[in-house]
Amino acid sequence: MHLGTTLTQFIIEEQRHIAGATGEFTGLLNDVATACKMISNGVNHGGLLGVLGAAGTENVQGEDQKKMDVISNEIFLKRNEWAGHLAAMASEEMDEVYQIPEGNPRGKYLLMFDPLDGSSNIDVNVSVGSIFSILRCPGNENAEVEQSGRPTPMEAFLQPGVKQVCAGYALYGPSTMLVLTTGRGVNGFTLDPNVGEFVLTHENMTIPKDTKEFAINMSNYRFWEQPVRRYVDECLAGETGPRGKDFNMRWVASMVAEVHRILTRGGVFMYPMDEKLREKGGKLRLMYEANPMAFIIEQAGGAATTGHERIMELQPQAIHQRVPVVLGSKNEVDVITGYHHAQAA
Ligand code: AHG
Ligand code: MN
Ligand code: MN
């Protein structure tokens, strides 16, 4: 049995280092962790609970929703709307900002989430996850509890990633893990399903600076911009090419699984701009995917850019905004970003 630090214990100790944090932050992360445990339970039971398959609806992004997308979203809302830690929530699966129901206490944090990432993998029993990001609500920072009843505007969420107080993901894989950062490194917890607690198993996760592994959806090759083609061509050329080494490729199609692999053994992940995506701005969502993952990756010693700029410095224009993403081992991300700069020059 693992007698290590539990997530609750870890958060309480962590909170002592967050300026201005009261017990609220601990309570909030506990509720997020409970939501992840409930989603994990649903994902693990799969077909037995009848939660697989399509919901028959589309989200605001025009994507088909899976039943488990809808259920996971509902779980996140229900677990986090009651305790008074939050001013509002925003989700990949909801058109508008979710206001805390009338009568419930309101707090100083904002919670953003992708309740089920990689949901195209759910029916084929491949790893999926949840991603979350926490900001302070501007103007509400020191409020004990915001009781005005005024709705929290969408603009409150439009803060660059550098403002995140905490970001994390849960990975529903062979084991369920929760990985998070509060800006003091990255730590990974494994769910002990018999006890129902996350236990610290991966302390201070760090990403090797160099790698020989890349992840990209190769079927988009003909739509990519020149710098991405150049990079991938050079990887494929291997030992005989300009990089002078052979590369390996992986593509799970669940960003959470991809990021977790990179945190474990290094690598680079790309969902770059391409001709098909230009109008949308990219594939992945800035607030629910790119920013939280960028925070985690940077805290583990990696880098995260759009190819041109550091993701966490982007000023968001809308909650559902999409961006190109290049993240992972620092030196490799620098090579790819360098190719984008060389082309732009
Ligand atoms: P989501 O399931 O939340 O919509 O996210 C899916 C994302 C990401 O997890 C993954 O990296 C990518 O979309 C997969 O895209 P392709 O289907 O183009 O491979
Ligand atoms: Mn996603
Ligand atoms: Mn999703």
Checklist entry - When the distances between all Cα atoms of segment 7-202 are binned every 10 Å from zero, what whole-number percent does each bin get? => result 9, 36, 36, 17, 2
Next on the checklist: Per DSSP helix of 4 or more residues, -39500 (n - 2.57); summed, then divided by the residues of the chain. What does that give at 222 nm, rounded to the nearest 500?
Outcome noted: -8500 deg cm²/dmol
Item to check | Kirkwood Rh, angstrom, segment 20-71 [1 / mean 1/r, Cα pairs] | outcome: 12.9 Å
Item to check | Solvent-accessible area, 1.4 Å probe, carbon plus sulfur percent, for the chain | outcome: 50 percent
Item to check | Efficiency of FRET from Cβ geometry, ASN204 and ARG229, R₀ 35 Å, rounded to 0.05 | outcome: 0.45
Checklist entry - What dipole magnitude, in Debye to the nearest 20, does the chain give about its Cα centre under +1 on Lys/Arg Cβ and -1 on Asp/Glu Cβ? => result 520 debye
Checklist outcome for this item: Sorted largest first, the C-alpha extents of the chain along its principal axes in whole angstrom are 64, 46, 44
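Keeping every protein chain present and rolling a 1.4 Å probe, give me the accessible area per residue for segment 36-194 in Å². Please list the in-between numbers first.
Working: 6450 Å² over 159 residues.
Computed with neighbouring chains in place, this is 41 Å² per residue.
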Item to check | Qualifying aspartates and glutamates (Cα of each under 13 Å from Cα of LYS276; at least 8 residues distant if same chain) | outcome: GLU225
Checklist entry - Quick one: Karplus J couplings for segment 316-325, per residue in order, coefficients 6.51, -1.76, 1.60, θ = phi - 60°, nearest Hz, x for Gly and Pro? => result x, 9, 7, 5, 9, 3, 10, 9, x, 10
Checklist entry - Dividing the alpha-carbon Rg of segment 117-209 by 2.2 N^0.38 Å yields what? => result 1.38
Item to check | Nearest-ten-degree value, helix 67-80 long axis tilted from longest Cα axis of the chain | outcome: 50 degrees
Checklist entry - Separation between the ASP334 and LEU49 pseudo-spin-labels, each 7 Å from Cα along Cα→Cβ, expressed in nm? => result 4.5 nm
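Between their Cα atoms, which of LYS37/LYS283; LYS67/LYS283; LYS212/LYS330 are more than 18 Å away from each other?
Where the Cα-Cα span goes over 18 Å, the pairs concerned are LYS37/LYS283; LYS67/LYS283.
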Checklist entry - With axes computed from alpha carbons, what is the tilt in degrees of helix 330-344 against the longest principal axis of the chain, rounded to the nearest 10 within 0 to 90? => result 70 degrees
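Order the peptides 218-231, 316-329 from the highest to the lowest mean number of other Cβ atoms within 10 Å of their residues.
316-329, 218-231
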Item to check | Surface accessible to a 1.4 Å probe, per residue, for the residues of segment 213-344, Å² | outcome: 38 Å²
Next on the checklist: Counting only Cα atoms, I'd like the Rg/Rh figure for segment 213-344, Kirkwood definition for Rh.
Outcome noted: 0.94
Checklist entry - Given the C-alpha centroids of segment 37-95 and segment 327-341, what is the distance between them in whole angstrom? => result 34 Å
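The values are calculated or read from the model by the stated rules, or taken from the named source; none is laboratory data. Keep in mind that what you see is a predicted model, and the values were worked out from it rather than measured. FYI the Cβ positions are ideal-geometry reconstructions off the backbone, even for glycines, and counts take in every protein chain you see. Ligands, DNA and RNA are stripped out before the accessible areas are found, and what is left, the full protein with its side chains, is counted by its heavy atoms. Shrake-Rupley method; radii C 1.70, N 1.55, O 1.52, S 1.80 Å.
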